[in-house]
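Below: one structure, written as structure tokens.
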């Protein structure tokens, strides 16, 4: 994989990290039933498909380009989002971020494997749980940041009420048996910090996010192989405890 994008810990002029902070569980949480899990996934997927198709249609009308769901199509997505860099009307930015985030997340799901969860109504509550390694993220919040071109704050007028803004990649929290500095999040942050930073104007792009996630999965797979851990295919049940401890919605 190329190191031109997504390989460094942050943009050249910033110490921002792509890694989000995974919450620590403080008490045992009841696990949802299989029926509840299936319902959550189905409702999320219906919303994703509607938003993604709407975005594809929008880009085709505006640019005359048909997005084909491949990683190379993200270059067109990033270009289209950059045209809204100065847009400050929240409904327009929200609609654009929802569509672009759904398209991006669905591309990741097909290319790398993963599961959508969400309430089926609010795009910012959509979250993708990656299958090969324990990584979860909000594609819609990452799309907001791709539009803004810089880190957003909770009080940014372009951001609607809802869950706490989270544009990073969440990893498995440290466990009591982990050696200091060898939990996945700390270890991975150190590996990424050793790589050259990416140009500031590319850091928040969805192309950069995609390549960063690819690299993260490759590094984690190598780490776990060295630890003698077999490859795994993660599902909703593997993420339940962490997701149940995430900050509540602010609306």
> Let a ≥ b ≥ c be the square roots of the eigenvalues of the Cα gyration tensor of region 185-250; is it rounded (a/c under 1.5), or, if not, prolate (a/b larger than b/c) or oblate?
Replying inline: oblate
>> Based only on other Cβ atoms within 10 Å, what is the fewest-to-most ordering of 184, 88, 155, 78?
In response: 155, 88, 78, 184
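Starting with the highest mean, order 169-177, 104-112 by the number of other Cβ atoms within 10 Å, averaged over the residues of each peptide. Could you put the intermediate results ahead of the total?
On the way: 169-177: 16.1, 104-112: 20.0.
Averaged packing, sorted descending, gives the order 104-112, 169-177.
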> For region 63-139, what mean projected area does the convex hull of the alpha carbons give, in nm²?
Replying inline: 5.7
>> Could you work out the percent of alpha carbon pairs in region 67-110 separated by over 15 Å, rounded to a whole number?
In response: 42
> Given the convex hull over the Cα atoms of region 35-242, what projected area results after averaging over all orientations, in nm²?
Replying inline: 12.3
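What number, in percent, do you get for the relative contact order of region 35-242 if the mean sequence gap of Cα pairs under 8 Å and at least 6 apart is divided by its residue count?
Here the relative contact order equals 22 percent.
What list do you get for 136, 204, 79, 224 if you sort them by fewest beta carbons within 10 Å?
Ranked by crowding around the Cβ, least crowded first: 79, 224, 136, 204.
Bear in mind that the values in this text are calculations on the coordinates, not laboratory data. Remember, predicted model here, so these are calculated numbers, not experimental data. Positions of Cβ are backbone-derived with ideal geometry, glycine not excepted, and every protein chain shown enters the neighbour counts.
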